[in-house]
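A short write-up of the structure that comes next.
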Amino acid sequence: MSTELKVPFSKPSISEEEEKAVLDVIRSGWLTTGNVTLEFEKEFSNFMNSSVVNNNVQSLAVNSNTSGMILAMHACGVKAGTHVITTPYTFVSTAACAKHLGADVVFCDIEKDSYNIDADKIQEILEKNEKTHKYNFTAIVPVHIAGTVCNMKKIMELAKKYNLKVIEDAAHSFPSLTDMGYAGTIGDAGVFSFYATKPLTTAEGGMICAKEPALIKNMQMMRLHGMDRTTWDRYTSPKASWMYDIIAPGYKFNLPDILSALGRVQLKRTQEFYEKRKHIAEIYNREFSKLDFVEIPPDCQGNAWHLYLLRLKLDKLKIDRDDFSKQLQTCGIGISMHFIPLFHFSYWQGLDSSFTKENYPNAEDHFIRTISMPLWPDMTEEMAYMTIDAVKQIGMENYAG
Ligand SMILES: *Cc1c(COP(=O)(O)O)cnc(C)c1O
């Protein structure tokens, strides 16, 4: 199916420079985490700390956003008997990480006009809990959907007032620059994803950004078996390489040099990728604004334009989102769905009888009318117009308004 698509949903941009960088590592004899990963971490920190508002973060490379979120939550005290507040409108791993650590999840609905968690509703949950003491909250976990940034000013104020940690799921927000700095550097920890479809890719991978030395030290140690020394240090320092101590039951979440080599080249191309995606998004915005049966995506300062989430106006159409997406695929347009809210999944429904679509009306409303359109750096203008024409044609043929 995907090979027949005229416009693929997503495709990584890999140049000869990425190929050479990976080959150099393969030929060097050192394949796993080492000097190349250390350089990648430094360069990522330099990038994040280069904005006018510099949150002065340090970066830790990991083998996925999911593992980074587990490390960050663990370091922030998420454990059995505690609760985290997050959004049901995310990829499942955001919430599953809290469950891995034995904690429970309290979902907070998204905003009416955006895909991001509603900070006013977080406040309501926290104020109510002051009276009921039902939950033992440790952290707020905002997710910056599609590259638009959550209301971090309000979230940080609430975290301060209620003594909570903030862990940003920054899987979509590379690079989203706000007047509080880059998304992913504002909270106590922020975690990026380098999965194949993300704005910067290492095939699989991720990066944690954090400021507090104790948090960083904990995540560094838990990232590699709970060892008090890194593998690189063990093989390069004059201390005997077999000597180390284990101070906790750690994980195996490190990013190998082969993948970091890919990431370093991708990082250099950040601005190029961003401008190309933004250009396509602007064409989409201009053309889709002319159609009265669709709504263009929410925008904000510093939107990274990772995804283009087109919303159908269902009252203007005789078909639903599923039919519309099927017809797009028949026209050769690759689409995706971001996201199926977590209260639609049997596992999550089984955890809490309040996890229903009625309790999260905004998440449900966005979900039933959203289609994720193709958006990637090397996509041509011609591909964007093929996508627009297909949307136009399907909308006209099924117009009810
Ligand atoms: C992709 C994604 C993740 C998971 O990232 P991995 O690197 O695959 O673990 C988490 N959260 C969101 C919002 C994502 O889109």
For this session: Could you tell me whether G250 is in contact with a helix residue (DSSP H, G or I) (Cβ under 6 Å, 6 or more places away or on another chain) and free of Cβ contacts under 8 Å to residues at least 60 places away in the same chain?
Result: yes
Problem set entry | Of all residues in segment 319-339 being part of a loop (DSSP other than H, G, I, E, B) and open to solvent by less than 70 Å² (accessible area, probe 1.4 Å), the one that is farthest from the ligand (Cβ to nearest atom) | I319
Exercise. In segment 194-312, which helices (runs of 4 or more DSSP H) lie fully inside it and hold 2 or more residues that are open to solvent by 70 Å² or more (accessible area, probe 1.4 Å) and closer than 30 Å to S325 by Cα?
Worked result: 270-288
Exercise. So which residues in segment 369-384 are surrounded by 14 or more Cβ atoms within 10 Å (Cβ to Cβ) and in a helix (DSSP H, G or I)?
Worked result: R369, M383, A384
For this session: Please work out which one of (1) part of a loop (DSSP other than H, G, I, E, B); (2) open to solvent by 70 Å² or more (accessible area, probe 1.4 Å) is the condition E19 fails and give its number.
Result: (1)
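Pick from segment 138-175 the residues that are within 16 Å of V78 (Cβ to Cβ), assigned to a strand (DSSP E or B) and of a type outside the set (A, V, I, L, M, F, W, C): which of them is most open to solvent (accessible area, probe 1.4 Å)? Full working, then the answer.
Narrowing segment 138-175 to residues within 16 Å of V78 (Cβ to Cβ): 138-143, 159, 162-169.
Subsequent filtering for residues that are assigned to a strand (DSSP E or B) retains 138-141, 143, 165-169.
In the following step, the residues that additionally are of a type outside the set (A, V, I, L, M, F, W, C) were identified as 138, 165, 168-169.
Numbers: T138: 24, K165: 58, E168: 0, D169: 8 Å².
Out of the qualifying residues, it is K165.
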Exercise. When you scan segment 341-367, how many residues do you find that are among the β-branched types (V, I, T) and surrounded by 15 or more Cβ atoms within 10 Å (Cβ to Cβ)?
Worked result: 0
Problem set entry | helices (runs of 4 or more DSSP H) wholly inside segment 22-137 containing at least 2 residues that are away from the ligand (no atom under 16 Å from the Cβ) and open to solvent by 40 Å² or more (accessible area, probe 1.4 Å) | 35-48, 119-132
Exercise. When the residues of segment 176-193 are filtered to those that are away from the ligand (no atom under 13 Å from the Cβ), at negative phi and assigned to a strand (DSSP E or B), which remaining residue is most open to solvent (accessible area, probe 1.4 Å)?
Worked result: D179
For this session: Tell me, yes or no, whether segment 251-273 has at least one residue that is within 22 Å of I368 (Cβ to Cβ) and hydrophobic (A, V, I, L, M, F, W, C).
Result: no
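The values are calculated or read from the model by the stated rules, or taken from the named source; none is laboratory data. On a predicted model such as this, the values are computed, not experimentally measured, just so you know. FYI the Cβ positions are ideal-geometry reconstructions off the backbone, even for glycines, and counts take in every protein chain you see. Ligands, DNA and RNA are excluded from the accessible area calculation, which covers all protein heavy atoms including side chains. Shrake-Rupley method; radii C 1.70, N 1.55, O 1.52, S 1.80 Å.
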